[in-house]
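The values are calculated or read from the model by the stated rules, or taken from the named source; none is laboratory data. Note that this is a predicted model, so its numbers are computed, not measured. All Cβ positions, glycine included, derive from the backbone under ideal geometry; neighbour counts span all protein chains shown. Just so you know, the surface numbers come from the protein's heavy atoms only, side chains and all, with ligands and any DNA or RNA stripped out. Shrake-Rupley method; radii C 1.70, N 1.55, O 1.52, S 1.80 Å.
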Amino acid sequence: MMKRFYRVTTALSLLALLEVAAPPFAQAAPFWDLEGHWAQAEIAAGAAEGYVHGLPDGSFRPDLLISRAEFFTLLTGALGLRPRPDLVAAYAPRNWWVEQGYAQAAVAGGLLVPAEYQGWIDSGGSIRRREIVLAAVRALGRESLVGQNRITATDADSYPAWLLDWAAEAAAGGVLKGYDDGSLGLERTATRAEALVMVQRIREQLLMNLAPSAVPAAPEARRHPAPGEPTWTTVRTAPSKPSFWDGSHTYVLHDEVTAYALVPAPGRAAWLNVVDTQGACRLYRLSGGRVHEVAAGATPIVTLALQDDGRLWFSQGNQLALAGAGGTQRFALAEQVTSAGLDESGVLWAAGPSRLYRVDQGRVASFFLAPGVLTRVRHVAPAPDGSVWLLLRAAQAGGGVEAVRVRSGSIVQRATVVAGEGLQAALLSDRGASRLIYVAAPEPALIRFDLETGAAARLVAPAAVGAAARVLPAPDGGALLLDRAGQFWRVSE
């Protein structure tokens, strides 16, 4: 009798799977069997967002068990991960799950680790809640946080310490909630309703916050985010001698240049860093129709950070400088710094090849870190609690982007921001409580790196925008989405 019930359940689940894979804009089914069910609202929300549907008879069957294949198909669909039938999947039987590429999408997306199944996944077997916990933590980018939180439960003694650590992180991430008796039930098989509710909780946390945006300015225009500031436009009719316009004045250099970077500042001003045809490096301040030279020399000038008052931090050789309309303040360091960031109180953190520097009201402190860390720094991101994150190029080729958190001169946390072979990533935001990172290859994605926790998660575009939306850098920093209808949307952190 039990065997016959299992066959019926499997058949119904397979029919449900065909609906799980429905197009994102398909009409949600009515689900006549959900009235009064504890998960009715969450299931309806998942259907409305277009990544899950019920069975052909209009039911959902919320209390049927869900297989591993069905769960990971549901999860990858909710997260907008495209199927990868082009990838080899020697870790699962060659059934619909592999042939359609859902298994490969789950593995390539870091949600499923075949080694945890001794290299062979029983895709048709019912998934347990503990497996969902692992997938949830990975989907939220919180794997590096495992072990930092604790959880209490009436059945806690039934589980190994490592699993409780993962469960605690899933609970901290808002995904795992226990039963009324205080138990976690991690070894219990999950129902369709339980699985969908947890998937919906994951998706809600990863949905992009979007606001309609006007068509962005031309690529050469830069707008500072301060209200009322002008849009600076670069005119390239003569490539080696560009001019710059702030809406009121045009600025033209006397000498031809081979490279330049414009940094708009509050107060209708901008900083212009150039290399001329003789190889000389120069920094100018453009304001009120006048071009004022701030620094010059054969040593490269690196613009580091812009303060809210419009002053610019830059380095040249072993000189660190803060330049403003009233002059330039200089600090002697042991080396040239090439990356820096300002925290909320105006403290500058700057990274050189061998030291991390902290500059607070003219006082300079420096810290030595583990060998090989500072030479890989690509971005310095101070956190709200006074620590600082260093975003690094991975130590191994093809390893992606890593991060370390430094507090009181010591590394206290490590995280993987984004991993993958052939990775191409670009930072889109440099202020606020998180960083937006655009991954162009091997698959376009937008990663949110949380400076408070160190969580690094792939964001999901809402169904209303569509899976085909393109991510673009915004002219004033951050990210824009261009949907299939040609509408631009601003992505907020």
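Condition check for R414 on (1) over 19 Å from R203 (Cα atoms); (2) modelled with pLDDT under 85: one failure, at (2).
What do you reckon, is T189 of a type outside the set (K, R), farther than 25 Å from F449 by Cα and in contact with a strand residue (DSSP E or B) (Cβ under 6 Å, 6 or more places away or on another chain)? Even if it seems obvious, please write down each step before you answer.
Values: of a type outside the set (K, R): yes; farther than 25 Å from F449 by Cα: yes; in contact with a strand residue (DSSP E or B) (Cβ under 6 Å, 6 or more places away or on another chain): yes.
For T189, the condition - of a type outside the set (K, R), farther than 25 Å from F449 by Cα and in contact with a strand residue (DSSP E or B) (Cβ under 6 Å, 6 or more places away or on another chain) - is met.
Pairing each residue of the stretch 252-281 that is within 17 Å of A221 (Cβ to Cβ) and charged (D, E, K, R) with any residue that is open to solvent by less than 40 Å² (accessible area, probe 1.4 Å) and not in a loop (DSSP other than H, G, I, E, B), provided the two are 6+ apart or on different chains, yields C-beta distances under 8 Å for R268/S287. Counting the residues of the stretch 45-73 that are touching a residue at least 60 places away in the same chain (Cβ under 8 Å), open to solvent by less than 10 Å² (accessible area, probe 1.4 Å) and in a helix (DSSP H, G or I) gives 3. Does S123 satisfy the condition of being closer than 25 Å to A103 by Cα, of a type in the set (S, T, Y), part of a loop (DSSP other than H, G, I, E, B) and modelled with pLDDT under 95? Yes, satisfied.
Only residues that are part of a loop (DSSP other than H, G, I, E, B) and closer than 18 Å to Y51 by Cα: list them for the stretch 176-224, please. M208, the sole residue that qualifies.
With respect to the conditions (1) in contact (Cβ under 8 Å) with a residue 60 or more places away in the chain; (2) open to solvent by 40 Å² or more (accessible area, probe 1.4 Å); (3) under 30 Å from D276 (Cα atoms), A221 falls short on a single one, namely (2). Residues in the stretch 442-483 that are over 15 Å from G80 (Cα atoms), part of a strand (DSSP E or B) and open to solvent by 20 Å² or more (accessible area, probe 1.4 Å): R448, D450, L472, P473, L482.
Only one entry in A106, A115 is in contact with a Leu (Cβ under 6 Å, 6 or more places away or on another chain) and either of a type outside the set (K, R) or more than 21 Å from W166 (Cβ to Cβ) (or both), namely A106. Among the residues of the stretch 74-88, just one is of a type in the set (A, V, I, L, M), within 21 Å of I132 (Cβ to Cβ) and either more than 27 Å from the chain's Cα centre (by Cα) or open to solvent by 20 Å² or more (accessible area, probe 1.4 Å) (or both), namely L81. Taking the condition of a type outside the set (S, T, Y), open to solvent by 10 Å² or more (accessible area, probe 1.4 Å) and at pLDDT 85 or above, does A259 pass? The answer is yes for A259.
In this structure, is G398 at pLDDT below 85 and not in a strand (DSSP E or B)? Spelling it out, G398 is indeed at pLDDT below 85 and not in a strand (DSSP E or B).
Screening the candidates A171, A105, A135, A115 for the property of being assigned to a helix (DSSP H, G or I), touching a Pro at 6+ places or on another chain (Cβ under 7 Å) and not β-branched (V, I, T) yields one hit, A105. Of all residue pairs spaced 6 or more apart or on separate chains, those with beta-carbon atoms under 7 Å, a first member in the stretch 74-88 that is in contact (Cβ under 8 Å) with a residue 12 or more places away in the chain and a second member that is open to solvent by less than 40 Å² (accessible area, probe 1.4 Å) and aromatic (F, W, Y) are T76/Y102; G77/Y51; A78/Y51; P83/Y102. In the stretch 167-186, of all residues being touching a Gly at 6+ places or on another chain (Cβ under 9 Å) and over 30 Å from R435 (Cβ atoms), the one that is surrounded by the most Cβ atoms within 10 Å (Cβ to Cβ) corresponds to L184.
One line per residue, one yes/no per condition, for (1) among the small types (G, A, S); (2) farther than 26 Å from V373 by Cβ:
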| site | (1), (2) |
| --- | --- |
| V401 | no, no |
| L428 | no, no |
| P444 | no, yes |
| A456 | yes, no |
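Scan the stretch 144-166 for residues that are of a type in the set (A, V, I, L, M) and either open to solvent by 30 Å² or more (accessible area, probe 1.4 Å) or within 19 Å of S126 (Cβ to Cβ) (or both) and the total you get is 5. Sort out which residues of the stretch 416-439 are in a loop (DSSP other than H, G, I, E, B), open to solvent by less than 50 Å² (accessible area, probe 1.4 Å) and either touching a helix residue (DSSP H, G or I) at 6+ places or on another chain (Cβ under 9 Å) or without any contact (Cβ under 8 Å) to a residue 24 or more places away in the chain (or both), and write them in order of number. Listed by number, the list holds a single entry, G420. Looking only at residues in the stretch 230-242 that are open to solvent by less than 60 Å² (accessible area, probe 1.4 Å), over 24 Å from Q487 (Cα atoms) and in a loop (DSSP other than H, G, I, E, B), which one is modelled with the lowest pLDDT? Step by step, filter the stretch 230-242, then rank; the result is A238. Which of the residues spanning the stretch 302-354 are in a loop (DSSP other than H, G, I, E, B), open to solvent by 10 Å² or more (accessible area, probe 1.4 Å) and either over 27 Å from A226 (Cα atoms) or basic (K, R) (or both)? Listed by number, the residues that qualify are R311, G317, N318, L333, A334, E335, Q336, P353, S354.
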